[in-house]
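Below is one structure, written out as structure tokens, with a few remarks after it.
Every read-out reported here was derived from the displayed coordinates using simple, explicitly stated rules and does not represent laboratory data. Only a predicted model underlies this, so the values are computations on that prediction, with no experimental measurement involved. No Cβ is skipped: glycine too gets one built from the backbone with ideal geometry, and neighbour counts run over all protein chains shown.
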There are 2 protein chains.
Amino acid sequence: MSKLLDDAVGELSRLPGIGRRTALRLALHMLRMEREDVSRMTQVIDSFRNGIKYCSYCNNLSDEDICPICSDPSRDRSMVCVVEQVGDVLSIENTRQYNGLYHVLGGVISPMQGIAPSDLKIDLLLDNIARGEIKEVILAVSTTVEGETTLFYIMRRLEQFPELKVTTIARGIGFGDEIEYADELTIAHAIHNRTQISRQ
Amino acid sequence: MSKLLDDAVGELSRLPGIGRRTALRLALHMLRMEREDVSRMTQVIDSFRNGIKYCSYCNNLSDEDICPICSDPSRDRSMVCVVEQVGDVLSIENTRQYNGLYHVLGGVISPMQGIAPSDLKIDLLLDNIARGEIKEVILAVSTTVEGETTLFYIMRRLEQFPELKVTTIARGIGFGDEIEYADELTIAHAIHNRTQISRQ
């Protein structure tokens, strides 16, 4: 009908999880926004896409060459938490339970999607470990087939550092999850790795 | 963490139905898109917001002063379908069942949201009708309290045109809806306005 509207809906509906109906709703909402607000939004998106960098130490998103976490002197530089993607860093940071460094792989090994080990930032991780400051590597990858494949691949590459402590985040029943709906593998693992409850 | 990411998430999460989590997912997706694709998207949004016009005849979105529907010689200019917003025009057009003109009110009367009759394009509708070409006005507004208020207000304003046929879209049980879950008012209306089924 209106080509301008059609084009806007077309572009917005290319985003994940946004169908044509939602795209139309977003486009019509933008008409009710002030022009300056819409143009600030598009400018911010452009600056983000064109200005963002990847930390040359941990591969996390950063405005500078070294990200704020890696350059923070209060962080524990003896441990590094290996995650799949940037969103995982944010999730773990939000818990405020971890004070070490991170290493963002940028995905998981997936022959189906054509992602080979060389597509991930694994060599950078090994280079960092080789410097000798890191004492523990926490592997915080998903418990999917691809995640486990990635985990075992990294484990094998880490064999060259026999002094290094390698851990993985605990697997078990999540808080708020019902055992009835958990899969057998998770339940089996959770029973096998049960923890003692303090009695007083 | 990254100010650029934070700003992008902040702007995206101002859109309706997009929380911070979804905004983060969209922002990270944009990093996987080509830079040119992201900048084309933002350009298209800017052109849309700054270039879109409202048809001076029916108040529909348009790239020109008169929208493609109003300037289409094959449309039936004797009937006008009054709708709340632009999206409604698209919904009705998609059915391909209507060949008349439209009139977009731009909302419904809502004292709660501070929307008065003067905020809607009702005078423009009356001006168009006064020209004498329009023989039927179809009121296709929502069956909400605000919609009904708007309907009755327009009905009263239309009293000055006694020759005009005024109709409203049929109310009843929607296709795919279960009677069990329909409200009493709808069921009562649907029974009262039952239609005879052809027996052969």
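Out of region B:1-97, which chymotrypsin sites (Phe, Trp or Tyr not before Pro) are coil in DSSP terms and have no more than 11 other C-beta atoms within 10 Å?
Those that pass, being in a loop and sparsely packed, number zero.
Most mobile of A:E84, A:E36, A:E64 per a Gaussian network model of chain A (Cα springs, under 10 Å)?
A:E36
For helix A:35-51, what angle does its Cα long axis make with the longest principal axis of chain A, in degrees from 0 to 90 and rounded to 10?
40
How much length would be gained if the chain were fully extended between A:Q160 and A:S78, taking 0.36 nm per residue of separation minus their Cα-Cα distance, in nm to one decimal?
Computed gain between A:Q160 and A:S78 is 27.7 nm.
Dipole of region A:107-200 (Lys/Arg Cβ +1, Asp/Glu Cβ -1, origin at the Cα centre): which of A:V108, A:L124, A:L185 lies farthest to the positive side?
Positive-most Cα among the choices belongs to A:L124.
Along the axis that rotates chain B into chain A, which residue of chain B has the nearest beta-carbon, and what is the gap in whole Å?
Spelled out as residue then distance in Å, it is B:T42, 2.
Enter the per residue convex hull volume of region B:111-159, computed from alpha-carbon coordinates, in Å³ rounded to the nearest integer.
75
Restricting to bridges with both residues inside region B:61-168, how much of the DSSP beta-bridge set is antiparallel, in percent to the nearest 5? Show your work: numbers first, answer last.
Working: 1 of 15 bridges.
Looking only at bridges with both residues in region B:61-168, the antiparallel portion is about 5 percent.
Once both labels are modelled 7 Å past Cα along the beta-carbon direction, what's the A:S118-B:H192 spacing in nm?
7.6
Taking the alpha-carbon distance from A:K53 and a cut-off under 20 Å, which lysines remain once sequence neighbours fewer than 8 residues away in the same chain are dropped?
A:K121, B:K3
Taking K and R as +1 and D and E as -1, what net charge do the other residues with C-beta under 12 Å from the C-beta of A:V141 add up to? Could you put the intermediate results ahead of the total?
Values: positive: A:R171; negative: A:E84, A:D88, A:E146, A:E148.
Charge balance near A:V141 sits at -3.
To the nearest 500 deg cm²/dmol, what mean residue ellipticity at 222 nm is calculated for the protein assembly as shown from DSSP H runs of n ≥ 4 alone, each contributing -39,500 (n - 2.57), summed and divided by the residues?
-12500 deg cm²/dmol
Under 17 Å from the Cα of A:K165, which lysines turn up, not counting those fewer than eight places away in the same chain?
Qualifying lysines at Cα under 17 Å: A:K135.
How many angstrom lie between the Cα centre of region A:66-103 and the Cα centre of region B:30-103?
Between the Cα centres of region A:66-103 and region B:30-103 lies a distance of 47 Å.
If one takes the longest principal axis of the Cα atoms in chain B, at what angle in degrees, from 0 to 90 and to the nearest 10, does the Cα axis of helix B:3-12 lie?
With both axes taken from Cα atoms, the answer is about 0 degrees.
Tell me the angle of helix A:20-32 to the major Cα principal axis of chain A, expressed in degrees between 0 and 90 and rounded to the nearest ten.
60
Using a label position 7 Å from Cα in the Cα→Cβ direction, what is the ascending list of nm distances from B:M33 to the same site in the other copies?
Listed shortest first, these distances are 1.3 nm.
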